[in-house]
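Working notes, structure below.
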Amino acid sequence: MTPLMKVIDLNADVGEADTPDWAAAEAEILRYVTSANIACGGHAGDEASMRKTVKAAKANGIVIGAHPAYPDKENFGRRSLELGTDISVAELEAALEQQILQLIRIAREDGMGVSYVKPHGALYNDSVKDTRKAEIIAKVASKIDAKFTLLGGPNSEMKKAAEKYNLDFVAEGFIDRRYTNEGHLLNRTEEGAVLATDEARIAQALSLATKQQVTTNSGNRLEVNAGSLCLHGDSHGAVQTAQKARAALEQAGIIIQPFMSQAGP
């Protein structure tokens, strides 16, 4: 019997650029990935950037996802907001709904739909462990579109929240970030949190795709069963990493394709 071919998605966080060079890098990255997590105004992005990124995704045949965040552009969505102290549940729900709906409206202008939701930054990291925040994301997503898929951390509260709200869930692994022994991303304040070299990033991509494993910050082996691999568009050298990662994965016999089909407008 012929073995089943391994299939995996490549996703990138885009629509976050605030300089011409960064914007050019994002446009180039879209040539190599299959899914685009588009910033929709919470941590970065505005109507113009969303419109531009949607057009670029469409031109490259890429599936579009919403990348909502805490409403905190000042800190690029990387500061955790405490419910009831920094932001109320109602305020967070309203912010997430507004972000996702804005991207949906803009995508429709180009005959595109939004297929999935992936939270950004501190909201993503919080929702890996925080049931309440994970359920807020899933609740808002399901309210907007019951066909949404939630993209997030494996074996996380996000997965449980998706199941509670009857959403499909796809787990992702990170090409360019270091993991802790507990399966979380190493805090960006820690040395080595972002893998600095292409060699390290490609090795991690291949390990995730072929072995479902990564090496943690302390050298242990950690199982990460991912259906999608993420590359941060703001990482140094992201374009080269995207190009080399796709080439290395395909050379290893892995089929690169979106984890779901493009939604209609």
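The values are calculated or read from the model by the stated rules, or taken from the named source; none is laboratory data. Keep in mind that what you see is a predicted model, and the values were worked out from it rather than measured. So basically every Cβ, Gly included, is an ideal-geometry build from the backbone, and we count neighbours across all protein chains shown.
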Item to check | Residue check, residue 16 touching a residue at least 40 places away in the same chain (Cβ under 8 Å), more than 25 Å from residue 74 (Cβ to Cβ) and of a type in the set (Asp, Glu) | outcome: no
Checklist entry - Going by the conditions given, is residue 86 closer than 25 Å to residue 245 by Cβ, among the acidic types (Asp, Glu) and at pLDDT 95 or above? => result no
Next on the checklist: Scan the stretch 14-30 and tell me whether some residue there is among the β-branched types (Val, Ile, Thr), under 20 Å from residue 174 (Cβ atoms) and crowded, with 21+ Cβ neighbours inside 10 Å.
Outcome noted: yes
Checklist entry - Among 164, 211, which is the only one that is modelled with pLDDT of 95 or more, of a type outside the set (S, T, N, Q) and farther than 27 Å from residue 60 by Cβ? => result 164
Checklist outcome for this item: Per the list (1) hydroxyl-bearing (Ser, Thr, Tyr); (2) surrounded by fewer than 21 Cβ atoms within 10 Å (Cβ to Cβ); (3) modelled with pLDDT of 95 or more, residue check on residue 180 breaks on (3)
Checklist outcome for this item: Taking the stretch 32-60 and the residues there that are within 13 Å of residue 10 (Cβ to Cβ) and touching a residue at least 60 places away in the same chain (Cβ under 8 Å), the one that is surrounded by the most Cβ atoms within 10 Å (Cβ to Cβ) would be 37
Next on the checklist: Suppose we filter the stretch 135-168 for residues that are more than 18 Å from residue 114 (Cβ to Cβ), in contact with an Asp or Glu (Cβ under 8 Å, 6 or more places away or on another chain) and not acidic (Asp, Glu); how many remain?
Outcome noted: 5
Next on the checklist: If I ask for residues that are under 24 Å from residue 38 (Cα atoms) and surrounded by fewer than 17 Cβ atoms within 10 Å (Cβ to Cβ), which ones from the stretch 199-224 would you list?
Outcome noted: none
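Conditions (1) farther than 25 Å from residue 80 by Cβ; (2) among the aliphatic types (A, V, I, L, M); (3) at pLDDT 90 or above, marked per residue:
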| residue | (1), (2), (3) |
| --- | --- |
| 2 | yes, no, no |
| 17 | no, yes, yes |
| 20 | yes, no, yes |
| 33 | yes, yes, yes |
| 41 | no, no, yes |
Checklist entry - Quick check: anything in the stretch 15-27 within 18 Å of the chain's Cα centre (by Cα), closer than 15 Å to residue 258 by Cβ and not aromatic (Phe, Trp, Tyr)? => result no
Item to check | Options 217, 225, 187: the member that is polar (S, T, N, Q) and over 18 Å from the mean Cα position of the chain (by Cα) | outcome: 217
Item to check | the stretch 117-148: number of residues that are of a type in the set (Ser, Thr, Tyr) and buried (at least 20 other Cβ atoms within 10 Å of the Cβ) | outcome: 2
